[in-house]
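One structure below.
The values are calculated or read from the model by the stated rules, or taken from the named source; none is laboratory data. Bear in mind that the values here come from a model prediction, so they are computed numbers and not experimental data. Cβ placement follows ideal geometry from the backbone for every residue including glycine, while neighbour counts extend to all protein chains displayed. All accessible areas refer to the heavy atoms of the entire protein, side chains included, with ligands and DNA or RNA removed. Shrake-Rupley method; radii C 1.70, N 1.55, O 1.52, S 1.80 Å.
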Amino acid sequence: MIEKLKLISEGKAKSLYETSNSSELLMVYRDDTSAFDGKKKEALKGKGIINNKFNAFIMEHLSKNNVETHFIKLIEDNESLVRRLDMLPVECVVRNIATGSLCRRLGVEEGIKFKEPLFEFFLKDDDLGDPLINDNHITAFGWGTEEEIEKMKEITFRINDLLCKLFEEVGLILVDYKVEYGRSSGSLLLGDEFTPDGCRIWDVETGESLDKDRFRKDLGDVVESYQIVAHKLGITL
Ligand code: 5GP
């Protein structure tokens with residue numbers, strides 16, 4: 001039993017608590033679901049448990065493939081133990097197929113498959129609507145170093161290779177996703193989460209969205225769709 005001590009942050013879908021070990025935190029996945037930088041909100045029963053187990057499965061798969069992550073272990077149905085990180089205030093997005101904000105921003109057609117995966121940085125700032133930024137913003141504002149930028153790109157592309165393969169094997173397409181990184185004892189580690197809340201997954205046969213777009217677009221069956229993906233990947237819920 002890991003004791004939850006001080007609440008150190010309450011995000012839109014997760015809460016982080018200090019534990020008796022100052023370098024480890026307890027990450028609690030809630031059912032709260034949000035979109036459009038927190039403007040649309042709802043609690044979806046069972047989502048916290050699915051996302052916690054989904055994330056554990058993905059983090060363990062990445063770890064086995066030499067991607068260093070903050071994940072330590074599952075503690076409860078909706079709780080995981082993680083290493084404490086000093087997070088960089090940026091989001092790393094990789095896209096394989098055009099959709100979402102990219103289509104709105106560049107006026108490109110939905111569904112175009114890129115010749116090569118596309119990497120983008122966004123600033124983590126809900127009030128500003130998470131604006132697109134480039135490498136130079138990161139170094140000029142001191143949010144990260146050139147070395148960290150290169151490392152984030154390298155790891156995020158590596159995650160893409162590993163996860164595209166994993167999803168493809170079970171009839172799913174990893175369309176795009178967002179990851180975040182943080183520092184711990186001089187190294188850069190994958191932090192936050194990898195769940196259907198922060199990626200787009202399409203069924204290869206039907207093209208159906210099985211991710212948070214179901215919530216964003218009011219398509220219904222949000223948790224049920226996450227369950228379908230988990231089941232296909234062999235995740236025990
Ligand atoms: P887009 O830029 O098209 O809105 O999102 C690109 C990808 O990153 C999608 O898979 C989306 O779910 C994820 N993403 C972008 N920003 C956020 C964010 O602030 N929170 C979460 N959970 N995912 C995000």
*Which of 39/115; 12/73; 41/115; 4/151; 124/232 have a Cα-Cα distance over 28 Å?*
39/115; 41/115; 4/151; 124/232
*asked:* Under the 0.36 nm per residue contour assumption, what length would be gained going from the current alpha-carbon distance of residue 116 and residue 217 to full extension?
replied: 33.6 nm
*Given the Cα-Cα distance of residue 68 and residue 135 and 0.36 nm per residue of separation, how much length would full extension add, in nm?*
21.9 nm
*Mind listing which trypsin sites (Lys or Arg not before Pro) in region 33-134 are in a DSSP loop and have 12 or fewer other Cβ atoms within 10 Å?*
39, 45
_Heavy-atom accessible surface of region 7-83: percent carbon and sulfur, 1.4 Å_ = 47
*Pull up all non-local amide H partners of residue 175: gap of 5 or more, or a different chain, and H-to-H distance under 5 Å with H placed in the peptide plane.*
200, 201, 202
*Could you give the DSSP H helices of the chain that reach 15 angstrom or more along their long axis (alpha carbon positions) and whose average Kyte-Doolittle hydropathy is no lower than 0.0?*
222-233
*Tell me, which longest segment in the chain has none of the GluC sites (Glu not before Pro) that fall in DSSP loops with at most 12 further Cβ atoms within 10 Å?*
4-108
*asked:* What does DSSP give for region 86-221 in terms of the percent of beta bridges that are antiparallel, rounded to the nearest 5?
replied: 100
_Surface share of carbon and sulfur [accessible, 1.4 angstrom probe, percent] for region 175-237_ = 45
*Compute from the Cα atoms of region 7-83 the Rg and the Dmax, the latter being the longest Cα-Cα distance, and quote both in angstrom.*
13.1, 37
*Rounded to the nearest 500 deg cm²/dmol, what is the calculated helix-only ellipticity per residue at 222 nm for the chain, with -39500 (n - 2.57) per DSSP H run of length n ≥ 4?*
-9000 deg cm²/dmol
*asked:* Can you give me the convex hull volume of the Cα atoms of the chain, divided per residue and expressed in Å³?
replied: 133
*Compute the accessible area per residue over the chain, keeping the other protein chains in place, probe 1.4 Å, unit Å².*
50
*Give me the aspartates and glutamates in straight-line cross-link reach of residue 113: C-alpha distance below 20 Å, same-chain residues under 8 apart excluded.*
161, 168, 169, 176, 203, 205, 208, 211, 213
